[in-house]
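The values are calculated or read from the model by the stated rules, or taken from the named source; none is laboratory data. Computed from a predicted model, the values in this text were never measured in an experiment. Positions of Cβ are generated from backbone atoms using ideal geometry, with glycine treated the same way; all protein chains shown enter the neighbour counts. Note: accessible area is taken over every heavy atom of the protein model, side chains too, but ligands, DNA and RNA are not part of it. Shrake-Rupley method; radii C 1.70, N 1.55, O 1.52, S 1.80 Å.
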Amino acid sequence: MDQQQLEMMQQMQDQQAAGPGPLFWIFYLAFIGLVVAGMWKTFTKAGEPGWAAIVPFYNLYVITKIVGRPAWWVVLAILPCVNIIALFILSIDMAKSFGKGVGFGIGLALLGPVFYAILGFSDAQYQGPAAASGGVAAA
């Protein structure tokens with residue numbers, strides 16, 4: 001290797017060691033703010049406290065209350081492998097609770113930050129829990 005290549009490698013290592021720059025952190029914090037604001041508004045529309053959106057695990061409990069599922073669904077939502085199915089079902093129920101379709105529910109499951117913001121800031125109204133008592137989907 002010649003001297004120029006060594007200098008370039010040293011510059012790359014210095015840049016990597018420095019970590020992400022301020023522009024990254026600005027966009028990251030803006031994104032997190034959008035996620036929190038969307039979930040906060042969604043929870044508020046459903047008659048739940050908005051601050052619950054920022055409390056880990058409690059927000060899952062509040063989601064189960066909003067959609068009408070039993071509280072033990074929180075356990076399903078945190079179990080590995082099972083959580084994928086449970087979160088899809090909860091997301092579809094959330095969409096139905098606000099008068100949206102299954103496609104919107106799949107969007108909530110796959111792109112939650114974007115779809116919770118849409119749900120929270122749109123004119124969608126909470127129509128009550130979509131799931132009947134006992135965890136069986138309403139007809």
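A Cβ distance below 8 Å, combined with a sequence gap of six or more or placement on separate chains, defines the contacts here; from the stretch 58-77, residues that are on the phi > 0 side of the Ramachandran plot reach residues that are of a type in the set (G, A, S) and outside any helix (DSSP H, G or I) in the pairs G68/G128; G68/A130; G68/A131; G68/A132; G68/S133; G68/A138.
Given the criteria of a type in the set (V, I, T), assigned to a helix (DSSP H, G or I) and open to solvent by 90 Å² or more (accessible area, probe 1.4 Å), does I32 qualify? So that I can check it myself, show each step before the final result.
Working: of a type in the set (V, I, T): yes; assigned to a helix (DSSP H, G or I): yes; open to solvent by 90 Å² or more (accessible area, probe 1.4 Å): no.
Against the criterion (of a type in the set (V, I, T), assigned to a helix (DSSP H, G or I) and open to solvent by 90 Å² or more (accessible area, probe 1.4 Å)), I32 does not qualify.
Would a scan of the stretch 53-76 turn up a residue that is open to solvent by less than 50 Å² (accessible area, probe 1.4 Å), in contact with a Lys or Arg (Cβ under 9 Å, 6 or more places away or on another chain) and assigned to a loop (DSSP other than H, G, I, E, B)? No, there is no match, as no residue in the stretch 53-76 is open to solvent by less than 50 Å² (accessible area, probe 1.4 Å), in contact with a Lys or Arg (Cβ under 9 Å, 6 or more places away or on another chain) and assigned to a loop (DSSP other than H, G, I, E, B). Any idea how many residues of the stretch 96-111 are without any contact (Cβ under 8 Å) to a residue 24 or more places away in the chain and part of a helix (DSSP H, G or I)? So the count comes out to 9. M39: in a helix (DSSP H, G or I), open to solvent by 70 Å² or more (accessible area, probe 1.4 Å), among the aliphatic types (A, V, I, L, M) and out of contact with any strand residue (DSSP E or B) (no Cβ under 6 Å at 6 or more places or on another chain), yes or no? Spelling it out, it is not the case that M39 is in a helix (DSSP H, G or I), open to solvent by 70 Å² or more (accessible area, probe 1.4 Å), among the aliphatic types (A, V, I, L, M) and out of contact with any strand residue (DSSP E or B) (no Cβ under 6 Å at 6 or more places or on another chain). Tell me whether the stretch 119-132 contains one or more residues that are closer than 17 Å to V35 by Cβ, assigned to a helix (DSSP H, G or I) and either basic (K, R) or without any contact (Cβ under 8 Å) to a residue 60 or more places away in the chain (or both). No: zero hits.
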